Structures are given as structure tokens and as C-alpha cells.
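Beneath this line is the structure, given in C-alpha cells, with notes to follow.
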Amino acid sequence: MSVTSERHDSHGLTGEAHPHSACASCGESAAEHDHDHEHGFEIVEVLRVVFVALAAAAVWFHLWEPFHRVSVIGLAATLIGGYPIFKEAFENVVERRMTMELSMTIALASALAIGEFFTALVITAFVLAAEILEGLTVGRGRRAIKDMLNFLPQTASVLREGQTLEVATDTILPGEIVLIRPGSRIPVDGQVVSGHSFVEEAAITGEPMPSEKIAGGAVYAGTINQTGTLQVLAEHLGKETTFGKIIEAVERAEHSRAPIQKTADRLAGYLVYFALGAAVLTFLITHNIRATISVVIVAGACGIAAGTPLAILGAIGRAARQGSIIKGGIYLEALGHLDTVFLDKTGTLTYGMPLVTEINAAPGISEQAILKTAASAESGSEHPLGRAIVRAAERRDISFSHPDYFEYRIGRGVLSLIRGEQTVVGNRTLLTELGIDLPQRTAATPGTEVLVAQGGRYLGAILVTDQLRDSSAPAVKALTDMGIKVVLLTGDAKTVAEAVADRLGIIQAHSELLPEQKTAFIAQQVSKGRTVAMLGDGINDAPALSEATVGVAMGAGTDVARESADVVLIGNDLMKFVETVRIARNCRRIIFQNFYGTLIVDTIGIGLAAVGLLNPLLAAFIHVASELTFILNSTRLLPPSEKSETASHEQAPVQV
């Protein structure tokens, strides 16, 4: 049951339609109707319930009844107290929409027509009281999300012209130095330039233990500096911060409507038609008006229509608190029945900071010459393998020049011109395409083989290895245990891919794939009806992320990958993705619990009412109780409030 409040609120997170508007619309978007409002605890609503309850007591004790068959108090109190119900029912009739308000109005009018004034008043009181309780329940969900807004400070200390100035947070400019004192919240995303401290990042990353910060470390807006003073170079401000993006994700979630939510709205409408149809059939068969009224009253679909968006909102908010930004309810729903996950290797399963571990020179070529040639060609490259080669040359104090010409071929390597000679650094595919004679493959190696050639002559190979992330193996095992198929897609050589797959327990691995081949492979799986997620972090992963049912980008990856993704993980902990899938599955489970629970309660209730075993009062009680039960069931997904989180952190033992 959804009775619209008189209050309007159109600001920020609280300005969206109350989840009950889904029940009122029964199949249409709540945003399409101006009369849907947010409910809250208002004194006028409480006074209305008290007024109806006192009137019911007066009717019960026959305090004033000047007419024999008509209770003036009962009639007047029902019309006055039930005004919000009648008002919305009238609006629904004008808009030709079938809603629970309309069916309840029919029931109340029928009760008044047969002289059941006490019954009409008690039903009205039940409905109004339930509306207040539902408003408080949903309000709690709104506050749990809105609490996040309080994480950012309004003012901050900034170093300007040699002075420390206290300025409004929204006036800070990128590139300025912000002074973060112990105990204060960090207002910007940035990099520590001096100082040493521990920062509590639970609000962003979900990690309960504070993270140590020294020069060069990254900090996030909304986190708490604990011990020392830090000077932070501001990089991202306001909505561009990680925290700001979390808030935006929650706001988008309120606007988005997942397919399962539309199904809930349709089901709510069908239940109204079913209840009215059952009521007509009951009256035609039994001619019992009380049984007919009970049939109309007992059916309730608001537990579905209000509980579904509340569950989706709560799940997205909880995921955001744990460091996973979901960009809409449709992606949350897809994660709920995910069956296949494709993983990129470099930067996703590994740290993306590979090291040169071996150099295999061709006859007559020194290791130093190979490394110098490769470093010169890769000096302008941003690829992790190229950067590893440059770092290796620098550590060995090998001087190298910059190329006169540089061309990066995605997934293959680089072509460059050094002192007039064509220099190629890349994989076997690239060198073969260029007609360079190569030695046969050697035994399987645990790393990535980077081949080097100059002037059409093969010089040798550099072996680069990358360490697996600590979270990779547990994440793969957790996904497999959930019955999700995990597949490795990488551009690396087959030997490297198989070695990584074996270490992580991945059964299926595809290697030496170009970006377009990854994209085509994922598109093929999606066309077969699979629900596919792709995890990646680089520019070359962007097309594959876009093609997957759900594209998931690592937070430390490239901007292109993050923009192409439907879900962004803060940081690079793969276990955050696992937790996000668990939240999505729990959300789906709760929504279907509400679905089937409502169907069972309504079917049994209508049946009992039709045969005269439920009177209108008991029918109203069952309606309200079941509705609140299913809404409260959805609130289990809501993220904990800031106060409860703070309390739990304070009670946690300090580990040394």
C-alpha cells in the first residue's frame, strides 16, 4: 500500500521517487509521475492515525450515534482519515492505472455501504500506520546511503604562497598541496608528497585495517588520517574523486530500473487485477459481502514493488562501501546470475610491474647490446613490458637513446627507427609478419618472451615475468566454488598463459590473442546466451569490456578501461569482485523471496477470505504484516550506517 505524503523533496539523493511509487505505478516508471514522493515520519501522519484510532474506539463503544443505521463518527472519520488513500485512488482512476489504493478504496466503500464502520476505521488505521512504518523503513535506507555524503569535510588546509590557509573544499585546485592533520578526513584524491601516517580507508576500500602512507602513496577523499600529518598533492576533486564516483553510482542506481524491477511492477499490477477478479467471483458464488471485502483487502503487492528497488539500492550501496562501483541496477542483476568470467592477465591477475629475469642473446650479440637496443626502442612506450625493459637498462647503468620514429602495434609490440635502422621489439607474431628469421621456440618459460631485432636481423630475446597478485588465487577459487566458469584471455604466449592458469587453477586459457580477438571471443559467448563478465585494466581491454554483459575495470587501470566498464573496482583486489558477485546474488535471492512469499501469502489469503475464514480486520492485518515483512527483508542489504561502522572499528582489537 502506498499513500502519498504531502511533502515534496527534490534535492540530492532524497529527491528520487519513494520506492512505494513502484507500487503506485504498477508497471510504469516512478519518475514518470509527479505525485510520487518520498515518505518520512511526519506529525500530521501520526495525528491522522491517532484520530482514526480514537474514532474507532468511539464507534465500538457507541458513544454518539444519532442515527440508527449510520455512524456519523465512523463515516466522517473514515472519509477524513482515509483521505490520502482516496486521493491517490482518484488520481489513479484519472490516469487509468490499476493500483492497490484503488482496490482498498473499493473495500472501504463497500464496508461503509454495509454498515461496517468499525471495520472500515480499523482497516484505515492499519493502512496509515503501515505507511508510517514503511516510510521509516525506507527512510533508514535513504539515510544509510545519504550518510556517505557526510564523509567529506567542508573545509581544508591548503598551502598557498608559503602560508597555510583554511579554505572551502570546493575552492581547492588540482596541483595544490593540501595539509591533512591527524584525525581529519581527507578532502581530495591525491598523492602524498611528504609525511608519514596511517589512513583508515574502510569507507572506500572496505579494508578494516589502516593503510600506511608515505611519500608517493595514494590517498582517497572521505578516508580518515589517523596518526601523522600528511601533505597531499590534490589530483581529483569533488565528483572526480573515488568517493564522488561512489556517490554518483548510487544516484544513478536510483534512476536506473533493472529488468527485474519492471517485472516486479508488472506483477504488482497483475495481483491487483487478480484480487479484484477473485472478489467479483466470490460475490457471485457466495453473495457474502464481508468475504468479498476480505478478498480485496488481503491481497498486497507492495512488498514486491517497494521491496525490489529498495533491495537494488541497498545492494549497490553496500557494494560501493566495499570498493566496487556498480553503474546501474541492470548490471547488478546481470552479476546476480553470472555464469562466466573472463580475466585478462597483465594488471588484473598480476601486479602489472614485470621484471626482466633473463636475456637470451643470439650468437655474436652481447646481453648489454640487446638490452640497450630494446630500451632505446621502448623508451617512449607506456606498455608494462616496455617499461620493465627500460627500468632494467637503467638499473644496469646502460645508456640508451630515443628513437627517431616510434609506432605501437596493439598486442604485438613496437616498431622504431634508431640511427636509421628499423628496430623491432615485440612478440613472435610481429617479427614473423615482418619477415625476420627466428630460432625455434625453446622449452616452456614462466614469463613473457620479448624478441628484439634490428635491421632485419634477430638479436635475441628478453624474458619478462610478472608476479601474481595475492588475491588472484583466492578469487579464482571463490568464483569456481560459486559455479562460475573462469577463463583466462591474454595476449601472452601459450607457455606463459598455461603457467599462470596452472598456478591459479584455471582450467581454460586462451593465449596470443589480439584485442579484437578477445572482443570477438566474448561476443561469441554472449550470443550463445551466456551471462559474461570481463575483467581488465588496460586500453586494449576496453573493447572487450564493452562487449561483455558486464565489463569490470580495475580501479588502478587506465581511464579508458574505467569509462568503458559497467563496474569499477577501487584498487586491484580481485576479492572485491567476488564480494560484489555475492552481494548481487544475495540481492537476487531476496527479491525472489519477496516474489514467491507475496504470491504464497496472497493465494492462501484470497482462498481463505473467499470461503469466509478471514474477516476484513484479519485480512487487513495479514496485508500489512506481509507487506512490512517483505520490505524489511529487503533492508538486510542496506549498508551499515557510519555510526555502526565507526563503533565496530573502535571495538576492534589493535594488532601490532
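Students often check this: by mean Cβ neighbours within 10 Å, which of 477-487, 398-408 ranks highest, and how do the rest follow?
Sorting 477-487, 398-408 by mean packing, highest first, produces 477-487, 398-408.
At 7 Å along the Cα-to-beta-carbon direction for both E382 and M353, put a label point, then send me their distance in nm to one decimal.
1.9 nm
Would you mind ranking S376, S366, S110, S634 by Cβ crowding within 10 Å, fewest neighbours first?
S366, S110, S376, S634
Give me the extension gain from Q154 to Q517: residue separation times 0.36 nm, minus the current Cα-Cα distance, reported in nm with one decimal.
125.8 nm
Which distance in nm do the two modelled labels at H196 and V280 give, with both placed 7 Å along the Cα-to-Cβ direction?
Placing both labels 7 Å beyond Cα along the Cβ direction yields 8.0 nm.
Based on the Cβ-Cβ distance from Y270 to A625, what FRET efficiency comes out when R0 is 22 Å, to the nearest 0.05?
Efficiency, from the Cβ-Cβ distance: 0.50.
Separation between the E421 and Q440 pseudo-spin-labels, each 7 Å from Cα along Cα→Cβ, expressed in nm?
So the two model labels end up 2.8 nm from each other.
What are the ³J(HN,Hα) values, in whole Hz, obtained from phi via the Karplus relation 6.51 cos²θ - 1.76 cosθ + 1.60 with θ = phi - 60°, for each residue of segment 222-227 in sequence order, with x given for Gly and Pro?
3J(HN,Hα) across segment 222-227, in whole Hz: x, 8, 10, 6, 9, 10.
Towards the positive end of the charge dipole of segment 355-465, with charges on Cβ (+1 Lys, Arg; -1 Asp, Glu), say which of V452, I370, I359 has the farthest Cα.
Most positive-ward Cα: I359.
What ranking do 523-531, 613-621, 353-361 get when scored by the average of other Cβ atoms within 10 Å per residue, highest first? Intermediate results must be reported in sequence, preceding the final value.
Details: 523-531: 13.4, 613-621: 20.4, 353-361: 17.3.
Going from most to least packed, we get 613-621, 353-361, 523-531.
Using a Förster distance of 56 Å, how high is the FRET efficiency between S546 and L165, based on the Cβ-Cβ distance and rounded to 0.05?
0.80
Over 16 Å apart: what share of the alpha carbon pairs of segment 355-465 falls there, rounded to a whole percent?
52 percent
At 0.36 nm per residue, minus the direct Cα-Cα distance, what do V526 and S366 gain on full extension? Give it in nm, one decimal, please.
Residue separation times 0.36 nm, minus the Cα-Cα distance, leaves 52.7 nm.
In whole angstrom, how far apart do the alpha carbon centroids of segment 468-547 and segment 585-634 sit?
43 Å
Grab the Cα-Cα distance for H337 and E240, subtract it from 0.36 nm times how many residues apart they are, and report the gain in nm with one decimal.
In short, 31.8 nm is gained.
Quick note: the coordinates plus some simple rules give every number you see, no bench work behind them. Quick caveat, the model's predicted, so the values are computed rather than measured. Using ideal geometry, Cβ is built from the backbone for each residue, glycine included, and neighbour counts are taken over all protein chains shown.
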